[in-house]
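Novice: Have a look at this one before I ask anything.
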Amino acid sequence: MATDRPGVILAGGQARRMGGGDKGFLPLAGRRVIDHVIERLRPQCGRLAINANGDPARFAGFGLPVLPDPVPGQPGPLAGLLAAMDWAAGLGAEAVVTAAADTPFLPPDLVARLNAAATEGGAVAASPDAAGAMRAHPTFGLWPVRLRQDLARAIAGGERRLGFWAATCGAGRAVFGSDPFDPFFNINTPADLAAAGVLATGQADARGPRRIR
């Protein structure tokens, strides 16, 4: 079920392990990876945008706002989060949801469960890895926009770790299962893309891949 929360797909990574370019444009089951992300996230959000750097024209076909990092040098996902917060604040929203552009199987109830787990510091998703250890996925989060000045100061001070910043804010955790596979499986390498193709066509075994970011 959709909420009034705006959502931003973080697509600002440089994809070095994939040879550069936009991981979201990689082919997966007859479409692009980002098409799968949009399909899953759009019904859960009131409005949707993409955080990306470079020429925004390459995203023109999606009909979504493209938000560049508001700080130079592509310092990582914290800058993408700041762009998301600034955009959401301009909409008058109290919080914004973020999701990664390279994670095509994100949960259909992501936003609802982030909402339920949120503290004053927001919430991030988490799931167990192959060994059963709980792992946070901070690119999937619900973030109060009132924290954006704190985030800007943290980035200016050299902070680059999204997970560390979320913990500093006291963000809650929305826990998801990893059976039959981790819904936060993300594509970092050609092998990951091949595995995602198997998952997308419903041919995965009972365990499936369990990548964590």
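Each value in this text was obtained by applying a stated rule to the coordinates, not by laboratory testing. What you are looking at is a predicted structure, and each value in this text was computed from that prediction instead of being measured. A quick note on method: Cβ atoms are made from the backbone with ideal geometry, for glycine too, and the neighbour counts reach across all protein chains shown.
Novice: Give, in nm to one decimal, the length gained when the segment between Arg58 and Ala194 is fully stretched (0.36 nm per residue of separation minus the Cα-Cα distance).
Specialist: Extra length available between Arg58 and Ala194 comes to 46.5 nm.
Novice: Round to the nearest 0.05 the FRET efficiency obtained for Gln74 and Thr119 when R0 = 22 Å and r is the Cβ-Cβ distance.
Specialist: 0.15
Novice: Return the long-range amide H neighbours of Leu67 (sequence gap of 5 or more, or a different chain), with a cut-off of under 5 Å between placed amide H atoms.
Specialist: Residues meeting the criterion, in which the H sits 1.01 Å from N, are Ile50, Asn51, Ala52.
Novice: Collect residues whose amide H, placed 1.01 Å from N in the peptide plane, falls under 5 Å from the amide H of Phe140; neighbours closer than 5 in sequence don't count.
Specialist: Distant-sequence amide H within range of Phe140: Ala125.
Novice: Oh, and also: Give the label of the value calculated from the structure for P(r) over Cα pairs in 10 Å bins from 0, in percent, choosing from (i) 8, 28, 29, 19, 11, 5, 1, 0; (ii) 9, 37, 39, 14, 1; (iii) 8, 31, 36, 19, 6, 1, 0.
Specialist: Answer label, from the structure shown: (ii).
Novice: Taking amide H positions as placed in the peptide plane 1.01 Å from N, state which residues far from Ala95 in sequence (5 or more) or on other chains have amide H under 5 Å from it.
Specialist: Residues meeting the criterion, in which the H sits 1.01 Å from N, are Val145.
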